[in-house]
1. Is there a residue in segment 135-152 that is farther than 21 Å from A97 by Cβ and open to solvent by 60 Å² or more (accessible area, probe 1.4 Å)?
2. Is one or more of the residues making up segment 79-89 part of a loop (DSSP other than H, G, I, E, B), farther than 22 Å from Q154 by Cβ and without any contact (Cβ under 8 Å) to a residue 60 or more places away in the chain?
3. Output the residue which, of all residues in segment 35-70 that are in a loop (DSSP other than H, G, I, E, B) and of a type in the set (S, T, Y), is surrounded by the fewest Cβ atoms within 10 Å (Cβ to Cβ).
4. Suppose the filter is open to solvent by 40 Å² or more (accessible area, probe 1.4 Å) and assigned to a loop (DSSP other than H, G, I, E, B); does T157 pass it?
5. Whether any residue in segment 112-129 is buried (at least 16 other Cβ atoms within 10 Å of the Cβ) and assigned to a loop (DSSP other than H, G, I, E, B) is what I want to check.
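The values are calculated or read from the model by the stated rules, or taken from the named source; none is laboratory data. Computed from a prediction, not measured in an experiment: that's the story for all the values here. Cβ atoms come from the backbone with ideal geometry, glycine included; neighbour counts cover every protein chain shown. All accessible areas refer to the heavy atoms of the entire protein, side chains included, with ligands and DNA or RNA removed. Shrake-Rupley method; radii C 1.70, N 1.55, O 1.52, S 1.80 Å.
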Amino acid sequence: MTTTQTSNGTATQAQGTGDLKLEVVVIPVTDVDRAKAFYTGLDWRLDADFADEQGFRIVQLTPPGSPTSIQFGSQVTTAPAGSATNVYLVVEDVQAARDALAARGVDVSEVFHEGGLGDRFHPEARVAGPAADGATYSSFASFSDPDGNTWLLQEITSRLPGRIEAGVTTFGSVADLAEALRRAAAAHGEHEARTGVEDANWPDWYGAWIAADQAGAELPV
C-alpha cells in the first residue's frame, strides 16, 4: 500500500500492483525471415515462431543472459519498421561484446563515451573510445538490425545504490555466478581474519554479501 497526493492535496491510499516484470519488447520489421536470421545469427535463443492461415506470425527471441525477450512478426505492430531506437543491451565488457558482434559480421560502431549528458543518443556528438576513468554506465557501442532498429551496448561493471532491489539476486551466466562467489570468498577470508574465528555460517554470509554487492548496498564485514 502506498500513499499519494491528489490534485487538491488530499492524501489517498493506492493499492500496490505487485511485481511488474518487463518480459517482451516488440521490434517492428518488414521482413520477418530476414530479421529472424539476423538475431539468431547473434546467438539469440529462438523461443517461438508461430503463424496462422490469416497471415499472422510472431517470432520471439531472447538475448544471451537476458530476462527480457523481443518479438516481431506479421500483423504484430503498426509501428514503422526501424522505429525501435536505442534499445539497451547491458554488458560487463563493452569492448569484448563489440568485438564479438563484429566477428559475426555485424556492422557495429567502435566503443564510445559521452562528452555531455545524452550524447549517446546523438551519433555526431559521441566521443571515440571508452570513458577515460572506466566509470560504470559510461562506455557504449551501437549497431542496427537490417530494418534500422538500433541497439546500444552499455558497459555496467557495478550498479548504483538502489538500482537492484535488495535481496533479489540474479546472474546472467554460470561464469557471472562463479565470479561473484570468488569475490565473496575473498571478502569472507578478510572477515574471518578480522574476527579471528572460523565462520560456520559462511553460506549465510556469502548470500548476504552477494545480494548486497548486486544491490549496491553496504557490504557486510
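1. No, every residue in segment 135-152 fails to be farther than 21 Å from A97 by Cβ and open to solvent by 60 Å² or more (accessible area, probe 1.4 Å).
2. Yes, that holds for at least one residue.
3. Ranking the qualifying residues of segment 35-70, first place goes to T68.
4. Here the answer is yes, as T157 does meet what is asked.
5. Looking through segment 112-129, none of the residues is buried (at least 16 other Cβ atoms within 10 Å of the Cβ) and assigned to a loop (DSSP other than H, G, I, E, B).
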